[in-house]
Amino acid sequence: MSILIIAEHSDSTARPSTLNAITAATKLGSDISVLVIGKDVSAVADSLSKCAGVAKVVVADKAEFEHQLPENTASFIASFAKSFTHIIAPATAFGKNLLPRVAALLDSQMISDVIEIISADTFKRPVYAGNAIATFQSSDALKLLTIRTTAFDPASTTGGSAAIENADVSSVTAFGKSKFVSAELTKSARPELTAAKVVVSGGRAVGSKENFAIIEKLADKLGAAVGASRAAVDAGYAPNDYQVGQTGKIVAPSLYIAVGISGAIQHLAGMKDSKVIVAINKDPDAPIFQVADYGLVADLFEVLPQLTEKL
Amino acid sequence: MKILVPVKRVVDYNVKIRIKADQSGVELTNVKMSMNPFDEIAIEEAVRLKEKNIATEVIVVTIGPAIAQDVLRTAMAIGADRGILVTTPLATDLGGLEPLAVAKLLQKLVAKEQPDLVIMGKQSIDDDSNQTGQMLAALLDWPQAAFASKVEKVGDALHVTREIDGGLETVEVATPAIVTTDLRLNTPRYASLPNIMKAKQKPLETIDSATLGVDTTPRLKMTALTDPPKRSGGIKVASVDELIAKLKTEAKVI
């Protein structure tokens, strides 16, 4: 077993999703290499070399890899990865964009969104919006997996002392038919939604973009990330990247507080693995109460300020 | 610009699925089937590009059993010009035709039709893989713009805004290119009755997948399909004070 992890990073730091991928890799074996691909990424390589469980960090640093466009990185990864048995990336927007392109170049039928590693060739993944769990056995020699980050604890960022090597990138050329134009990242002092210990989410009942401040106030009191249901995002109350659900972010915090969210299957698929779920909703028959550990049937505009004040 | 839009027939998103007793798959008999919602967005986007005179022809293709032609008629009622049905005996949801095989079949159709743009859903809501578009881009050596929330023609290229974790990213891709759609790219229109009638007259070609020279043998074996772990509901609390007390002393999460 030799496992290659494709690190997700922001040029300067590794994203927490990379730590989840390392833990997934440890379920397969101990020969774990992490590939850091990008431009000016030595700080990322340094930090990952200290992570428990990592045997080797390989750095592919080249100007052509800036912004990590999959057209530029996938062919390099495909040529580099041939000697491995498994390639793992997190099932985030980054991994979902990149890994299928690598898999097709390697003629391997990758497995998306793995939640459990049964053996070297057998994996569980949710299908039908999480309404069924399928077990798949792969016959491909080289297996590519994206892993659902919430299904694997983050690896420790200390205790490791992996060797750092530079990959030969001399023959890398730019694909040329795609280029990065711009990025608009939501600026927030709050923790990242998928990594937060506490998440407070608002739904359609919040009623407006202005009213969403009531959700944010509670979140800030708890040091929590802010999420939203698809209905709230579609109505323009919250930005797109707040969306929790099958087609948005999958979260599994210690505490998930659903405010004014009815609990559509789509939303439940994104948060039902949370440790403790609190639901606050005016409608006593809202489906969210069927999964909530603690339900409060009340008008959110009355109880949320109280909750924020008393915590 | 010629646009090819692959679409898939899936269990309607409002249906609560049932797993077969022998765990071999999801019960599809007498279950309402519809076009995959992300693919409807793809068709809508292609038709809008045609209405802006950017696209000249919109071709819709599906791979599945003969009855899958109903999603082609739906796509043609929205505004696609013609349809191609690629028939396969394999299941298209789970344990049958896999994303890599679909991408290879589509590669053959792209070679035949020579589109300048392929727009497709980012994932189907049955197997939820989110792979086919990116795989097709790799096989064709084309640029890819996955999870699009906005598509604009700028000169000879496309500027595509993509939904990423933490916000949005805009990339420029030269055509021919692959775009996969995210939820907020557009809101698909309802087909009008006259357009539904007109769609019945539009050309529909049928191709047997076996004639396309692609090995579609599954690489994965589905060995089990089970219900997800059930989460049982908890208790109702009467007040904010009780809620805070429970979270502090019972759940110990704050």
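The values are calculated or read from the model by the stated rules, or taken from the named source; none is laboratory data. Keep in mind that this is a model prediction, so the values were computed, not measured. Because the Cβ atoms are built from the backbone with ideal geometry, glycine has one as well, and the counts that use them run over all protein chains shown. Protein only, heavy atoms only, side chains kept; ligands, DNA and RNA dropped before computing areas. Shrake-Rupley method; radii C 1.70, N 1.55, O 1.52, S 1.80 Å.
Just by accessible area at a 1.4 angstrom probe, what is the order of A:Leu28, B:Leu193 from largest to smallest?
Ranked from most to least accessible, the order is B:Leu193, A:Leu28.
Net charge around A:Glu192, counting only other residues with Cβ within less than 13 Å of its Cβ (Lys, Arg = +1; Asp, Glu = -1)? Before the final figure, lay out the partial values.
On the way: positive: A:Arg15, A:Lys187, A:Arg190, A:Lys197, A:Lys249; negative: A:Glu8, A:Asp241, B:Asp165.
Around A:Glu192, the charge tally is +2.
For chain B, what is the largest minus smallest coordinate of the Cα atoms on each principal axis, given in angstrom and ordered from greatest to least?
66, 46, 40
Write down the percent of antiparallel bridges among all DSSP beta bridges whose residues are both part of the protein assembly as shown, to the nearest 5.
35
Given that compact globular proteins tend to follow 2.2 N^0.38 Å, what is the ratio of the alpha-carbon Rg of the protein assembly as shown to that value?
Expressed relative to 2.2 N^0.38 Å, the Cα Rg reads 0.96.
Calculate for chain B the 222 nm mean residue ellipticity that helices alone would give, adding -39,500 (n - 2.57) per DSSP H run of length 4 or more and normalising by residue count, nearest 500 deg cm²/dmol.
So the helix-based figure for chain B works out to -7000 deg cm²/dmol.
Net charge near A:Leu218, counting Lys/Arg +1 and Asp/Glu -1 over other residues with Cβ under 14 Å of its Cβ?
Taking every Cβ under 14 Å from that of A:Leu218, the sum is 0.
Need one number: convex hull volume per residue for chain A, Cα atoms only, in Å³.
136
Heavy atoms only, 1.4 Å probe, whole protein assembly: order B:Glu27, A:Glu66, B:Glu44, B:Glu51 by accessible area, highest first.
Per-residue accessible area, sorted high to low, gives B:Glu51, A:Glu66, B:Glu27, B:Glu44.
Work out the length of the dipole vector of the protein assembly as shown about its Cα centre, built from +1 on the beta-carbon of each Lys and Arg and -1 on the beta-carbon of each Asp and Glu, and round it to the nearest 20 debye.
On the way: 60 positive and 64 negative charges, 156 e Å.
So the magnitude is around 740 debye.
How high is the relative contact order of chain A, in percent, counting Cα pairs under 8 Å that sit 6 or more residues apart?
Details: 700 pairs, mean separation 45.4, N = 311.
In percent, rounded to a whole number, it is 15.
Roll a 1.4 Å probe over the protein heavy atoms and report the accessible area of B:Met120 in Å², nearest 10.
Accessible area, nearest 10 Å²: 10 Å².
So which GluC sites (Glu not before Pro) in the stretch B:143-185 pass both tests, a DSSP loop state and at most 12 other Cβ atoms within 10 Å of the Cβ?
In loop regions of the stretch B:143-185 (DSSP not H, G, I, E or B), there are no sparsely surrounded GluC sites (Glu not before Pro).
For A:Glu165, put the label point 7 Å out on the Cα→Cβ axis and report which residues of the stretch A:1-29 keep their amide N under 14 Å from it.
From the stretch A:1-29, the list is A:2-5.
Please name which of B:Ser192, B:Ile84, B:Ile3 has its Cα lying farthest along the dipole of chain B towards the positive end, using unit charges on Cβ (Lys, Arg +1; Asp, Glu -1) and the Cα centre as origin.
Final value for the positive-end residue is B:Ser192.
What number comes out for the charge environment of A:Lys275, summing +1 per Lys or Arg and -1 per Asp or Glu over other residues with Cβ under 13 Å away?
0
Starting from the 7 Å offset along Cα-to-Cβ, what nm value, one decimal, do you get for the label separation of A:Ala43 and A:Lys217?
Distance between the two pseudo-spin positions: 3.6 nm.
Identify the trypsin sites (Lys or Arg not before Pro) of the stretch B:27-102 meeting these criteria: DSSP loop state and at most 12 other C-beta atoms within 10 Å of the C-beta.
Here the sparse-neighbourhood loop sites are B:Lys32, B:Lys52.
For the stretch B:2-251, what's the relative contact order in percent, using C-alpha pairs closer than 8 Å and at least 6 residues apart?
Averaging sequence separation for qualifying contacts and normalising by length gives 23 percent for the stretch B:2-251.
Once you place label points 7 Å from the Cα toward the Cβ at A:Phe301 and B:Thr249, how far apart are they in nm?
Label-label distance for A:Phe301 and B:Thr249, simple model: 3.4 nm.
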